[in-house]
Amino acid sequence: MIRSTLPTVRRVAATALIAPLAFTAAACSKDDNASSKSPQSTSSTSSKVTMATSLKASDGWAKAAESGMSAAFGTWKNTGNEPVVITGASGDAGPVQLHVTTKTANGMEMKQTSNFTLAPGGTLKLAPGGNHLMFMKLSKALAAGDEQQLTVTFKDGSSTKLTFPVRAYDGAKEKYSDAGSGDASPSSGASGTSEMPGMTHSSSH
């Protein structure tokens, strides 16, 4: 009887040892699966498409000026499938406005606008004599060779930082107006506009 009992005891002990090992392996397998899923959810969140991420900016630059007014230019493209609506810009060199250019009987006139809207796949060119970002009253000089960083804001609440190298430039003489707050489409006339304070004459930018 003693001989027949010993193998049974050994089999029970071996089974008891195997069971915890199986549980540990299962637990490790479950943890590995959980950790492999975590980066996927993080990647999904970081790839959210906004108006800011849809905007591709190139050829940016700003006009050098010691004081008064200046402007920033460049090419903006909407790479997304929805309209991109730019509502403003700001920096550390003073207030910035979105400006459009309209042709009047007296020449070209600059007017503030509430937004620039780019259709899906559309391109907006900011250039001297055309639409631009206007530094209204410089709080510091924009020196050639420096850089000016502006934060551009969008209708959906997103924003992006764009850098504009500062260049020396002698622009055409143009007239500025602060009237109107429509979209970026040129208006049909200058009726009802008033000259910007301190700008009763043509000024270059």
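Quick one: which of T101, T200, T153, T193 is assigned to a strand (DSSP E or B), open to solvent by 30 Å² or more (accessible area, probe 1.4 Å) and either at pLDDT 50 or above or not aromatic (F, W, Y) (or both)? Break it down into steps so the answer makes sense when it comes.
Numbers: T101 fails: open to solvent by 30 Å² or more (accessible area, probe 1.4 Å); T200 fails: assigned to a strand (DSSP E or B); T193 fails: assigned to a strand (DSSP E or B).
Unique residue meeting the criteria: T153.
Taking the stated definitions as given, is A93 touching a residue at least 12 places away in the same chain (Cβ under 8 Å), part of a loop (DSSP other than H, G, I, E, B) and crowded, with 18+ Cβ neighbours inside 10 Å?
Values: touching a residue at least 12 places away in the same chain (Cβ under 8 Å): yes; part of a loop (DSSP other than H, G, I, E, B): yes; crowded, with 18+ Cβ neighbours inside 10 Å: yes.
So A93 passes the test.
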Discussion item. At pLDDT below 50 and among the small types (G, A, S): is that true of G171 in this structure?
Written reply: no
Fill in: Among (1) at pLDDT 95 or above; (2) open to solvent by less than 60 Å² (accessible area, probe 1.4 Å); (3) not in a strand (DSSP E or B), the one test that P128 misses
(1)
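Can you tell me which residue in segment 48-86 is nearest to L150 (Cα to Cα), limited to those that are polar (S, T, N, Q) and open to solvent by 60 Å² or more (accessible area, probe 1.4 Å)? Lay out the reasoning, then the answer.
At the first step, the residues of segment 48-86 found to be polar (S, T, N, Q) are 50, 53-54, 58, 67, 70, 75, 78-79, 81.
Now narrow it down to the ones that are open to solvent by 60 Å² or more (accessible area, probe 1.4 Å): 53, 67, 79, 81.
Details: T53: 16, S67: 18, T79: 20, N81: 25 Å.
Only one residue tops the list, namely T53.
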Worksheet entry | Some residue of segment 110-117 being at pLDDT below 95 and within 22 Å of A168 (Cβ to Cβ) | yes
Worksheet item: Does G80 count as touching a helix residue (DSSP H, G or I) at 6+ places or on another chain (Cβ under 8 Å), at pLDDT 95 or above and farther than 16 Å from P165 by Cα?
Response: yes
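The values are calculated or read from the model by the stated rules, or taken from the named source; none is laboratory data. If you're wondering where the values come from, they're calculated on a predicted model, not measured in any experiment. Note: ideal-geometry Cβ built from the backbone for every residue, glycine included; neighbour counts use all protein chains shown. Just so you know, the surface numbers come from the protein's heavy atoms only, side chains and all, with ligands and any DNA or RNA stripped out. Shrake-Rupley method; radii C 1.70, N 1.55, O 1.52, S 1.80 Å.
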